[in-house]
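Visitor: Have a look at this one.
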């Protein structure tokens, strides 16, 4: 029955309540801003009804059945329409669910996160569930729905966006601050610390909207399986270089890490689109890095097998070190004759199949 039909009939009762198809919405707005006097308003046990007009909350009614009359509900007097001799209230009525909303799934890319242990940026994902509840229906209406930041039915999707945005920011900060290896994070070793940090950051952000994130569940930070395997190999190569080559060899390895396109260059290079293909899997970046590490280890092994100063002596074709023993230009000529390679940028010796210099990282022709 419409409002005008209700008046014409002279008898009858208009009941205002949330329909069954809108029970899942955190906020449901009654579609008609004109509410007849003496209408019956039904508020369920897990919700509250908020009366809103001209950008402000006028009043709130709790669970139960209410006869809308300014005599027994004083704040309704502010909503009476003088043009109808007080027979109508002009107001927006919002029904707000107050119970905890559980099992809200979320997920998406965090982006390229630089692994503190290797310095390699890796495309990282997150997924899980969270639950939340409304702590202040008045603040929710005034600060979120009433100001147009989200439609009444969009509160839950809006919460998903806030959770993902906060996780994206906090994960990157935590890895840099605490120097957590990315493989440890994806294994779940720091799940509790991450959840605590994220919940604290979310509380600060959503509290002004009258909302609270109660808990996170099945919370997983993940990377591609291939990336995980490659990172493990990278860790192993780096550990080997530290052991057999000392600090100098590891520094060379770290310098060669530039070949991976670390930092912003990785996001813009590699796959070239800055998206999901621009991380660790985006192009040949990781393969170059692993190949570079392998070349350095091969070079280290060759130098150990030759013994000290063997490289210079073999090139010269003699055992001395002075000019008379074949040094200087003669040594270089001998090296070329023997097929040795040198970096055109820094002059360091290169393995025969090297495409990048292990000393300076410069690509070789």
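The values are calculated or read from the model by the stated rules, or taken from the named source; none is laboratory data. Keep in mind that what you see is a predicted model, and the values were worked out from it rather than measured. For neighbour counting, all protein chains shown are included, and Cβ atoms are generated from backbone atoms with ideal geometry for every residue, glycine included.
Visitor: Take residue 210 and tell me if it is under 17 Å from residue 98 (Cβ atoms), surrounded by 18 or more Cβ atoms within 10 Å (Cβ to Cβ) and either over 19 Å from the mean Cα position of the chain (by Cα) or at pLDDT 90 or above (or both). Spell out the reasoning first.
Guide: Values: under 17 Å from residue 98 (Cβ atoms): yes; surrounded by 18 or more Cβ atoms within 10 Å (Cβ to Cβ): yes; either over 19 Å from the mean Cα position of the chain (by Cα) or at pLDDT 90 or above (or both): yes.
Answer is yes for this residue.
Visitor: Turning to a different aspect of this structure: Which pairs turn up if I take residues in segment 177-196 that are under 17 Å from residue 125 (Cβ atoms) and look for partners that are in a helix (DSSP H, G or I) with beta carbon separation below 6 Å, at least 6 apart in sequence or on another chain?
Guide: Note: pairs meeting the criteria are 183/231.
Visitor: Within segment 192-207, can you find the residues that are surrounded by fewer than 16 Cβ atoms within 10 Å (Cβ to Cβ), touching a strand residue (DSSP E or B) at 6+ places or on another chain (Cβ under 8 Å) and more than 18 Å from residue 104 (Cα to Cα)?
Guide: none
Visitor: If you don't mind, another one. Scanning for something within 27 Å of the chain's Cα centre (by Cα), part of a strand (DSSP E or B), surrounded by fewer than 17 Cβ atoms within 10 Å (Cβ to Cβ) and touching a residue at least 24 places away in the same chain (Cβ under 8 Å), does segment 97-104 turn up at least one residue?
Guide: The first filter runs over segment 97-104 and keeps only residues within 27 Å of the chain's Cα centre (by Cα), leaving 100-104.
Going one step further and asking which of them are part of a strand (DSSP E or B), we end up with 101-104.
Now drop any that are not surrounded by fewer than 17 Cβ atoms within 10 Å (Cβ to Cβ), which leaves 102-103.
Those left that are additionally touching a residue at least 24 places away in the same chain (Cβ under 8 Å): 102-103.
Yes.
Visitor: Regarding residue 76, is this residue at pLDDT 95 or above and part of a helix (DSSP H, G or I)?
Guide: Here the answer is yes, as residue 76 does meet what is asked.
Visitor: Those residues that are within 18 Å of residue 107 (Cβ to Cβ), loosely packed, with under 15 Cβ neighbours inside 10 Å and either touching a residue at least 40 places away in the same chain (Cβ under 8 Å) or under 16 Å from the mean Cα position of the chain (by Cα) (or both), I need them from segment 213-228; list them, please.
Guide: Matches in segment 213-228: 215, 217, 218, 220.
Visitor: Looking at segment 133-166, which of its residues are within 29 Å of residue 182 (Cβ to Cβ), touching a helix residue (DSSP H, G or I) at 6+ places or on another chain (Cβ under 7 Å) and surrounded by fewer than 23 Cβ atoms within 10 Å (Cβ to Cβ)?
Guide: Matches in segment 133-166: 162, 166.
Visitor: Go through (1) in a helix (DSSP H, G or I); (2) within 18 Å of the chain's Cα centre (by Cα); (3) at pLDDT below 90 one by one and return the number of the condition residue 242 breaks.
Guide: That leaves (2) as the condition not met.
Visitor: Let me ask another. Given the conditions (1) surrounded by 11 or more Cβ atoms within 10 Å (Cβ to Cβ); (2) at pLDDT below 90; (3) closer than 19 Å to residue 82 by Cβ, and given that residue 4 satisfies all but one, which numbered condition is not satisfied?
Guide: With respect to (1) surrounded by 11 or more Cβ atoms within 10 Å (Cβ to Cβ); (2) at pLDDT below 90; (3) closer than 19 Å to residue 82 by Cβ, residue 4 is out only on (1).
Visitor: Being part of a loop (DSSP other than H, G, I, E, B), loosely packed, with under 13 Cβ neighbours inside 10 Å and either in the same structural domain as residue 151 (by TED's automatic domain parsing) or in contact with a strand residue (DSSP E or B) (Cβ under 8 Å, 6 or more places away or on another chain) (or both) is the filter here, so list the residues in segment 39-73 that pass it. Spell out the reasoning first.
Guide: To start, the set of residues in segment 39-73 that are part of a loop (DSSP other than H, G, I, E, B) comprises 39, 44-46, 54-55, 62-63, 68-73.
Next, from what is left, pick out any that are loosely packed, with under 13 Cβ neighbours inside 10 Å: 45-46, 54-55, 62, 71-72.
Selection gives 46, 62.
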